[in-house]
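The values are calculated or read from the model by the stated rules, or taken from the named source; none is laboratory data. Every value quoted in this text rests on a predicted model; they were computed, and no experiment measured them. FYI the Cβ positions are ideal-geometry reconstructions off the backbone, even for glycines, and counts take in every protein chain you see. All accessible areas refer to the heavy atoms of the entire protein, side chains included, with ligands and DNA or RNA removed. Shrake-Rupley method; radii C 1.70, N 1.55, O 1.52, S 1.80 Å.
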Amino acid sequence: MYTPHKSIIAFLLFFITRILAQTCAPPERESLLPLGTIVDIRDVKFTGPRCNSATVNYNAPESRIEVDFNFPYANAGPNIPPDENTFECFVSFTVDYPDGWAPSVWWISYGSFFNLDANVKSFDESNYHFGPGPEDITLSRENYGPASGSYCLGGDVFTEVNSCVPSETPFGIRTTLRIDNSANPNGFGFIQQTSVHYIGLQWHLC
């Protein structure tokens, strides 16, 4: 049976799985941008229940954006505050890049870990919006206890951002984690995202 102290173990596992989470990163792909080209992330904003911070970086050698929600988790069970059963955060930011270039998104992924008692379930979903177009990409998974494990969500995608003028693109990500123990109120459950969100970019000339 899953007991309260296991949530502490899960917190410790966060740091271990964070190291292993690199397996959720995109495979290497050569960037077409000239060496030394500046791609800038600006106007980072975040909001949501228990969403205390978020960081966004551009990894130039790997030509990808890395979004870190800084320890997102959901936790439910006896003696656990009810507001911990849900984590939700929306982060928005703008990517600036040189005139004459535009990005396409070819990869999205991130990793998660869960530990659930019988009749407890977890919900893990992230929605991504790129540029001025209407196209969204959603990654989601539900897990049912008794079970525990880790997984990667995402992989190859392709969406044309089509934003040559001006040379900037707005991005938005909404991520949600939830534990539902309504079918077993004495049961415990825990889920956390164990890696940054990887957004692989492919550059092309306008």
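For the reader, a short list of remarks on this structure follows.
- Some residue of region 138-155 being open to solvent by 20 Å² or more (accessible area, probe 1.4 Å), within 30 Å of His204 (Cβ to Cβ), out of contact with any Asp or Glu (no Cβ under 6 Å at 6 or more places or on another chain) and part of a loop (DSSP other than H, G, I, E, B): no
- Failed item, numbered, when Arg50 is tested on (1) within 30 Å of Trp203 (Cα to Cα); (2) at pLDDT 75 or above; (3) of a type in the set (D, E, K, R): (1)
- One residue stands out among those in region 71-87 that are within 21 Å of Ser140 (Cβ to Cβ) and of a type in the set (S, T, N, Q): the one that is surrounded by the fewest Cβ atoms within 10 Å (Cβ to Cβ), which is Thr86.
- Residue, most open to solvent (accessible area, probe 1.4 Å), within region 189-206, restricted to residues that are assigned to a strand (DSSP E or B) and under 21 Å from Glu30 (Cβ atoms): Leu205
- Test for Thr37: is it touching a Lys or Arg at 6+ places or on another chain (Cβ under 6 Å) and touching a residue at least 24 places away in the same chain (Cβ under 8 Å): no
- Within region 86-108, the set of residues being at pLDDT below 90 and in contact with a Cys (Cβ under 7 Å, 6 or more places away or on another chain) comprises Gly100, Trp101, Ala102.
- Criterion applied to Tyr97, Tyr128, Tyr73, Tyr110 was being farther than 30 Å from Ser182 by Cβ, out of contact with any Asp or Glu (no Cβ under 6 Å at 6 or more places or on another chain) and of a type outside the set (Gly, Ala, Ser), and the one residue passing it is Tyr97.
- Residue tally, condition modelled with pLDDT of 75 or more, surrounded by 12 or more Cβ atoms within 10 Å (Cβ to Cβ) and of a type in the set (D, E, K, R), over region 12-43: 2
- Flag if Arg178 is under 20 Å from the mean Cα position of the chain (by Cα), closer than 18 Å to Val44 by Cα and open to solvent by 10 Å² or more (accessible area, probe 1.4 Å): no
- Matching residues in region 101-131 - criterion: being over 26 Å from Glu30 (Cα atoms) and more than 16 Å from the chain's Cα centre (by Cα): Asn115, Leu116, Asp117, Ala118, Asn119, Val120, Lys121
- Answer from Arg50, Arg141 - the residue that is charged (D, E, K, R) and touching a helix residue (DSSP H, G or I) at 6+ places or on another chain (Cβ under 9 Å): Arg50
Okay, residues lined up against (1) open to solvent by less than 40 Å² (accessible area, probe 1.4 Å); (2) within 28 Å of Pro27 (Cβ to Cβ):
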{"site": "Lys45", "(1), (2)": "no, no"}
{"site": "Gly48", "(1), (2)": "yes, no"}
{"site": "Cys89", "(1), (2)": "yes, yes"}
{"site": "Ser92", "(1), (2)": "yes, yes"}
{"site": "Asp99", "(1), (2)": "no, no"}
